[in-house]
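What follows is one structure encoded as structure tokens, with my remarks underneath.
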Amino acid sequence: MIYTKTEIDGLWIIEPNVFCDSRGYFMELYKEQEFEQNIGKIHFVQENESCSTQGVLRGLHYQLEPYAQSKLVRVIQGKVLDVAVDIRKGSPAYGKYVAVELSGENKRQFFIPKGFAHGFYVMSETAVFTYKVDNPYAPAHERGIRFDDPVIGVDWHVISDCLMNTSEKDRNMPFLNEADNNFEYNP
């Protein structure tokens, strides 16, 4: 696998080696020892999957400590624009984001550590999205930031507002400067 650091400390793109022949393909998605050598020790405890239609935007979500989650995300089928926003107070990249195109075709994975808000926009007819987390879902600690926060300024690559389908909950999330956040940057 190829591990590539992004411009924001802590975010990684992981590209598997894909072996193809006339029968199909094979790839390794996760090797604990290799992951630890490149990124660090993470103990994943849950894996989730969602299926969304074109134009669905989910996010920007996170959970507060002590239930914060590191995520290893990928798309099995379809294509999404996946976004992680640094919300670690004191970080030189606070309020900045990295966007990565994930698809069933490119088979990339995106590692998002604790201290980041996360969301994705479906660019294909449908997308099957899966992710491992190192803490289970804790509804009382779930938080979010508006996907259209002008301070963050995510370019979701949306051609028209009529091509965006967002939940009422996500449309009513607070802006970054009003959001509940207990993350600190520790270089």
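The values are calculated or read from the model by the stated rules, or taken from the named source; none is laboratory data. Here the structure is a predicted model, which means the values were calculated and not measured. With ideal geometry, Cβ positions are generated from the backbone for all residues, glycine too; neighbour counts draw on all protein chains shown. Each accessible area value is taken on the protein alone, full model and side chains, heavy atoms only, with ligands, DNA and RNA left out. Shrake-Rupley method; radii C 1.70, N 1.55, O 1.52, S 1.80 Å.
Worth a mention:
- Comparison of I2, I13, I39 shows that the only residue that is of a type in the set (V, I, T), open to solvent by 30 Å² or more (accessible area, probe 1.4 Å) and without any contact (Cβ under 8 Å) to a residue 40 or more places away in the chain is I2.
- Residue count for segment 43-68 satisfying the condition of being part of a loop (DSSP other than H, G, I, E, B), farther than 23 Å from M123 by Cα and open to solvent by less than 30 Å² (accessible area, probe 1.4 Å): 2.
Conditions tested, residue by residue: (1) modelled with pLDDT under 95; (2) of a type in the set (D, E, K, R); (3) touching a Lys or Arg at 6+ places or on another chain (Cβ under 7 Å); (4) under 21 Å from N186 (Cβ atoms).
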| residue | (1), (2), (3), (4) |
| --- | --- |
| S50 | no, no, no, no |
| L72 | no, no, yes, yes |
| A84 | no, no, no, yes |
| F116 | no, no, no, yes |
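- The single condition among (1) assigned to a loop (DSSP other than H, G, I, E, B); (2) open to solvent by less than 70 Å² (accessible area, probe 1.4 Å); (3) under 30 Å from P150 (Cβ atoms); (4) not hydrophobic (A, V, I, L, M, F, W, C) that N135 does not meet is (3).
- The set of residues in segment 94-132 that are open to solvent by 50 Å² or more (accessible area, probe 1.4 Å), in a strand (DSSP E or B) and hydroxyl-bearing (S, T, Y) comprises Y97, Y131.
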